[in-house]
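Asks: First, the structure itself, so that you have it in front of you.
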Amino acid sequence: MKAKLVASYAYRSLRYTPNHPLRIPRVSLLLDFLKAMELLEEEEVVESRNASWEELRLFHTEDYLMALKRADEEGRVSREIRERYNLGTMENPLSPAMWKGSVLATGSSVQAVQLFLEGKLAFNPAGGMHHAYPDKAHGFCFINDPAIAIKYLMERGSKAILYIDLDAHHCDGVQDGFYQEDRVFTFSIHQSPEYAFPFNRGFLEERGEGRGKGFNLNLPLPKGVNDREFLYVLEKGLEMVLDVFKPEVYVLQLGTDGLKEDYLSKFELSNWGLLMAFRLVREALGEGIYLGGGGYHPLALARAWALVWCELSNRQIPEQINSEGRKVLSEVNFEEFEEEDRSYMFERLLDRPREGEVRTEVKKLCERAKALLYS
Ligand code: ZN
């Protein structure tokens, strides 16, 4: 199968506000880095397109979309609109990313689904904005492109869709959007809401309310999760899911904020761990539709998604980062928040595994999940 990267340099000018965690370059950096590393051919890139109004309406309310569009046109929101739609806040600021960036990222997720349905493999690194609700912005997300990708699949007759979310944060917008839907199973591994955003969602006990009660699996984890724990939980989780649900198709969200370098999460994964997770999902389920997600350390993100792309396009992973690649990474304007030696990020593409023990509480969580899911 041919692999395609759905991407665009248009994102370069569609950034969040200068003080926002998402002010960083992501898709454009990935493109630059892959090209510098000679890991991407021009014909492998599918230029991103905007989502149509009809596609946006698959998940979002008309009035919310109108409010977003108007806020973009006017460059301001009233207090009423701010409160009603959670727009123009520190969390979800007005910026070119809000409407134009979100519409492009969402069109790209629909493109990824279309490519998949044509028998190709597609990765949309701009996608995976899993927090947005039908009628409000939430957690840096304005348009919920994974939910729209799932709706698009349903419209085309898919009756059993599995959504897997590897982002460090729970996929509340997607979960709640399909909570009563028998055709969709949502499975998420994330930091426990006891200490991490979104705080009110992502508990083990949230199981879904469709006829097929139990079509939702949350595995909320403690701080400091290492590669071994993450892979343990993913493997157990997939086993449980596949015992009760037979997916025709799946959508995978590949947020990179679980990486140790990422300052917005307390997980300690290496990009090796994330790569192994990607492999594990594909080994268990075959091919799916691949989306990006959170990720606030631009260099960690570009390195991790470069690995995903190598895997998807069947390329051998280069050991070293070449001088061109190093140049691209070192030109990123990003200030580290932690005083740690991060020089390895410029030398090797693949991190050394961050292994460790699987803690008892992690094992117990899987046992509790199993008991709940089969009860
Ligand atoms: Zn996240």
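Here, each number is a calculation from the coordinates, and none is a lab measurement. Please read these numbers as outputs of a predicted model, since none were measured by experiment. Heads up, the Cβs are rebuilt from the backbone with ideal geometry, glycines too, and the neighbour counts pull from every protein chain shown.
Asks: Near the amide H of Tyr250, under 5 Å away, which other amide H atoms are found, from residues 5 or more places off or on another chain, if H is placed in the peptide plane?
Replies: Correct list: Leu162, Ile289.
Asks: Moving to a separate point now. Give me the lysines in straight-line cross-link reach of Lys159: C-alpha distance below 30 Å, same-chain residues under 8 apart excluded.
Replies: Lys2, Lys4, Lys120, Lys136, Lys151, Lys213, Lys236, Lys246, Lys370
Asks: Compute the Kirkwood hydrodynamic radius of the stretch 3-374, taking the inverse of the mean of 1/r over all pairs of distinct Cα atoms, and give it in Å to one decimal.
Replies: 20.5 Å
Asks: Assuming 0.36 nm per residue, please report the length gained on full extension of the stretch Glu235 to Glu361 beyond their Cα-Cα distance.
Replies: Between Glu235 and Glu361, full extension yields 43.7 nm more.
Asks: Could you please state, rounded to a whole Å, how far the C-alpha centre of the stretch 36-100 is from the C-alpha centre of the stretch 239-272?
Replies: 24 Å
Asks: Where a ≥ b ≥ c are the square roots of the eigenvalues of the C-alpha gyration tensor, would you call the stretch 106-183 rounded, which needs a/c under 1.5, or, failing that, prolate if a/b is larger than b/c, or oblate?
Replies: Taking the square roots of the gyration eigenvalues as a ≥ b ≥ c, the stretch 106-183 is oblate.
Asks: Using the Cα centre as the reference, give the magnitude of the dipole from point charges on the C-beta atoms of the stretch 3-374 (Lys, Arg: +1; Asp, Glu: -1; all else neutral), rounded to the nearest 20 debye.
Replies: Using only the charged Cβ atoms, the result is roughly 500 debye.
Asks: Another question about this same structure. Suppose R0 equals 56 Å; then what is the FRET efficiency for Asn200 and Ile317 from their Cβ-Cβ distance, rounded to the nearest 0.05?
Replies: Efficiency, rounded to the nearest 0.05: 0.90.
Asks: Which GluC sites (Glu not before Pro) in the stretch 216-267 sit in a loop by DSSP (not H, G, I, E or B) and have at most 12 other Cβ atoms within 10 Å of their own Cβ?
Replies: Taking the stretch 216-267 and a limit of 12 other Cβ atoms within 10 Å, the loop GluC sites (Glu not before Pro) found are Glu248.
Asks: I've got another one for you. Pop a pseudo-label 7 angstrom from the Cα along the beta-carbon direction at both Glu347 and Arg12 and give the gap in nm to one decimal.
Replies: 3.1 nm
Asks: Related question: Please arrange Leu307, Leu166, Leu280 by how many other C-beta atoms lie within 10 Å of their C-beta, fewest to most.
Replies: Going from least to most buried by this count: Leu280, Leu307, Leu166.
Asks: Which residues in the stretch 45-74 have a backbone N closer than 12 Å to a point placed 7 Å from the Cα of Lys2 along the Cα-to-Cβ line?
Replies: 45-46
Asks: For the residues Thr186, Thr360, Thr106, what sequence is obtained by ranking on other C-beta atoms within 10 Å, fewest first?
Replies: Thr360, Thr186, Thr106
Asks: Can you give me the Cα centroid spacing of the stretch 131-207 and the stretch 287-308 in angstrom?
Replies: That distance is 18 Å.
Asks: Then there's this: Tabulate in residue order the Karplus-calculated ³J(HN,Hα) for the stretch 146-151, using 6.51 cos²θ - 1.76 cosθ + 1.60 with θ = phi - 60°, rounded to whole Hz; enter x for Gly and Pro.
Replies: Computed from phi, the couplings for the stretch 146-151 are x, 5, 5, 4, 5, 4 Hz.
Asks: Among Thr89, His130, Gly292, which residue has its Cα furthest toward the positive end of the charge dipole of the chain, with +1 on Lys/Arg Cβ and -1 on Asp/Glu Cβ?
Replies: His130
Asks: While we're on this one: Tell me, what HN-Hα J-couplings in whole Hz come from the Karplus equation 6.51 cos²θ - 1.76 cosθ + 1.60 at θ = phi - 60° for each residue of the stretch 80-90, using x for Gly and Pro?
Replies: These are the phi-based 3J(HN,Hα) values: 4, 5, 4, 6, 5, 10, 6, 10, x, 9, 4 Hz.
Asks: Quick one: if the Förster radius is 35 Å, what FRET efficiency do Glu324 and Glu91 give, using the C-beta to C-beta distance and rounding to 0.05?
Replies: Between Glu324 and Glu91 the formula returns 0.45.
Asks: Most fluctuating residue of Gly288, Gly177, Gly127 in a GNM of the chain with Cα springs under 10 Å: which is it?
Replies: Evaluated over the chain, the most mobile residue of the options is Gly177.
Asks: What is the order of Phe185, Phe197, fewest Cβ neighbours within 10 Å to most?
Replies: Fewest-to-most ranking of Phe185, Phe197: Phe197, Phe185.
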